[in-house]
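These notes are about the structure you will find just below.
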Amino acid sequence: MQALPVVRELLHRKDFRALYSTRLVGQFGDGFFQAALASFVLFSPEREPNAAAIAVAFGILLLPYSLIGPFAGVFLDRWSRRNILVRANLLKAILTIPVIAAVLVGDESVFLGFSVLVVLGVGRFILAGLSASLPHVVAGKELITANALTPTSGTIAFVIGATTGLGIREIFGGGDPGSVALLLFSMGTFISAALISRTFGVLALGPSHRLSHTMVESLRRVTG
């Protein structure tokens, strides 16, 4: 209960609301996206997925966290995080198109797996950018509450998106057409997240010029 006044104070901050909304909208769309893939690959009666297919599907979902996480900070500390959030969300929407094409033709090949992996990788990069941007919209003790609130809320938004998505899929007749509808909805949320991110100034979310300069100098020393 002691956190409620802090949460109310956070929600009165315009920049925090915008960053928070970017996360919620984007992760809600992630729920749509992954619900579409689950229904296409795992829950489709005509495909009858085996244990190997299920293992590969879960591997694709988890791989971006191992591949992107260690390297995200290098780019986030050098490029405008506002621009990263805008462009990465737009890129995510564009990269959803090949996934839609694969679903339309019933393609379960490596092409679909690679396309999904790229979309999820961009999504992992966006989440890292959101976390790195948080100290620029919240200060002091409020940052502790914000760090607890935002990822938890994002996960809830994801679950709601996935659950809602499975219901919407049935409205569109289920099957592959329902999966395509969910992917189109997810594209819309990614574009919406990009538009929300555009409300920030170019350097409003960091990094500072000083930090960027320090990082570049450090890289030069390491590489000789």
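Observations on the model:
- Selected residue [surrounded by 17 or more Cβ atoms within 10 Å (Cβ to Cβ) and not β-branched (Val, Ile, Thr)] from GLY154, GLY167: GLY154
Results for (1) surrounded by fewer than 16 Cβ atoms within 10 Å (Cβ to Cβ); (2) at pLDDT below 90; (3) on the phi < 0 side of the Ramachandran plot, shown as yes or no for each residue.
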{"residue": "GLN2", "(1), (2), (3)": "yes, yes, yes"}
{"residue": "LEU10", "(1), (2), (3)": "no, no, yes"}
{"residue": "LYS14", "(1), (2), (3)": "yes, no, yes"}
{"residue": "TYR20", "(1), (2), (3)": "no, no, yes"}
{"residue": "GLN27", "(1), (2), (3)": "no, no, yes"}
{"residue": "GLY31", "(1), (2), (3)": "no, no, yes"}
{"residue": "ALA38", "(1), (2), (3)": "no, yes, yes"}
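The values are calculated or read from the model by the stated rules, or taken from the named source; none is laboratory data. Nothing here was measured: the structure is a model prediction, and the numbers come from that model. Glycine gets a Cβ as well: all are built from the backbone with ideal geometry, and neighbour counts include every protein chain shown.
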